[in-house]
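**Student:** Sending over a structure as structure tokens; questions will come in a sec.
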Amino acid sequence: MEHPGVAELRPSKSAPAIHVRVLRSWVPDYRDNELHFLVVDQEGLGIQVVTKDDDCTNVRSRLQLQGCYEIKCYACIKVDDFTAVITHPAMIRLGTASVITPIADTAELPTQYFEFASKRKMELEAQKQKGIIGMIIIQLKTFSKRMFYAWLNTCFADFIGVYLKIEDKKSKADRPFVVLTLRDSR
């Protein structure tokens, strides 16, 4: 059965029941009163989930990493630029009234999430995370490709490789899928 995904979720708009898998959780720097999660839907699209203050303990006990859930009665809120880790235009806010129901683990919900970044986005992210202003632009001219990607690995824990090619394919059941080929940068 198809369930609504996260692609159409927007701040201050309706919040339909969604089926998601929890991939990560963390407490942002300088925001000890918040707990964030990265969840992914059946289409492989991610959205960030936030809970605050007294709701953190309740939500932390109900959402487990790699667990699959139906989530209802939440709010779609505007993205907080200081804690956003993906480019979705909304965030999910869970609170006391949110209904979180475990569902059976399913292959329909991916176990990984990838969001690919442009060179410019990597530069901006490095400036934000390390407080470096202009270092990347200067260093790009002097670093070899190998040194640059090794340096990226020290800055970005999720940097997985260098893009080589992308292919559109179809399964035996005629369902489209994409094969993305990356070279390990280590």
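The values are calculated or read from the model by the stated rules, or taken from the named source; none is laboratory data. Everything numeric here is computed off the predicted structure, so don't read it as measured data. All Cβ positions, glycine included, derive from the backbone under ideal geometry; neighbour counts span all protein chains shown.
**Student:** Would you pick out the residues in the stretch 53-88 that are in contact with a Leu (Cβ under 8 Å, 6 or more places away or on another chain) and either surrounded by fewer than 12 Cβ atoms within 10 Å (Cβ to Cβ) or of a type in the set (Val, Ile, Thr) (or both)?
**Tutor:** The answer is Val59, Leu65, Gln66, Ile71, Val85, Ile86.
**Student:** Another question, then. Looking at Lys78, Lys52, which one is touching an Asp or Glu at 6+ places or on another chain (Cβ under 6 Å), over 21 Å from Glu108 (Cα atoms) and modelled with pLDDT of 90 or more? Before you say what the answer is, go through the steps one by one.
**Tutor:** Working: Lys78 fails: touching an Asp or Glu at 6+ places or on another chain (Cβ under 6 Å).
Going through Lys78, Lys52 in turn, just one is touching an Asp or Glu at 6+ places or on another chain (Cβ under 6 Å), over 21 Å from Glu108 (Cα atoms) and modelled with pLDDT of 90 or more: Lys52.
**Student:** Moving to a separate point now. Which numbered condition in (1) without any contact (Cβ under 8 Å) to a residue 24 or more places away in the chain; (2) of a type in the set (Gly, Ala, Ser); (3) over 17 Å from His19 (Cα atoms) is the only one that Ala107 fails?
**Tutor:** Result: Ala107 passes all but (3).
**Student:** Now, a different point. Residues that are not β-branched (Val, Ile, Thr): list the strands (runs of 3 or more DSSP E) wholly contained in the stretch 47-111 that include at least 3 such residues. Steps first, answer last, please.
**Tutor:** Details: elements: 68-72, 75-78, 90-93, 99-102.
By residue number, 68-72, 75-78, 90-93.
**Student:** Looking only at the stretch 152-180, filter to residues that are small (Gly, Ala, Ser) and at pLDDT 60 or above; which one of those is farthest from Glu115 (Cα to Cα)? Step through it out loud before you land on a result.
**Tutor:** Looking only at the stretch 152-180, we keep the residues that are small (Gly, Ala, Ser), and these are 157, 161, 171, 173.
Right, trim to at pLDDT 60 or above and you get 171, 173.
Values: Ser171: 23, Ala173: 27 Å.
Among residues in the stretch 152-180 that are small (Gly, Ala, Ser) and at pLDDT 60 or above, the one farthest from Glu115 (Cα to Cα) is Ala173.
**Student:** Just to be sure, is Leu9 in contact with a Leu (Cβ under 7 Å, 6 or more places away or on another chain), closer than 26 Å to Phe177 by Cα and not assigned by TED's automatic domain parsing to the domain that holds Arg175?
**Tutor:** Details: in contact with a Leu (Cβ under 7 Å, 6 or more places away or on another chain): no; closer than 26 Å to Phe177 by Cα: yes; not assigned by TED's automatic domain parsing to the domain that holds Arg175: yes.
Here the answer is no, as Leu9 does not meet what is asked.
**Student:** Can you pull out every residue in the stretch 10-40 that is within 21 Å of Pro102 (Cα to Cα) and part of a loop (DSSP other than H, G, I, E, B)? Write out each step before concluding.
**Tutor:** Step one: of the stretch 10-40, the residues within 21 Å of Pro102 (Cα to Cα) are 15-26, 35-40.
If the condition is that a residue be within 21 Å of Pro102 (Cα to Cα) and part of a loop (DSSP other than H, G, I, E, B), then Ala15, Pro16, Ala17 are the ones that fit.
**Student:** Go through the stretch 61-114 and report how many residues are under 26 Å from Ser12 (Cβ atoms), in the same structural domain as Arg31 (by TED's automatic domain parsing) and not β-branched (Val, Ile, Thr).
**Tutor:** The total comes to 23.
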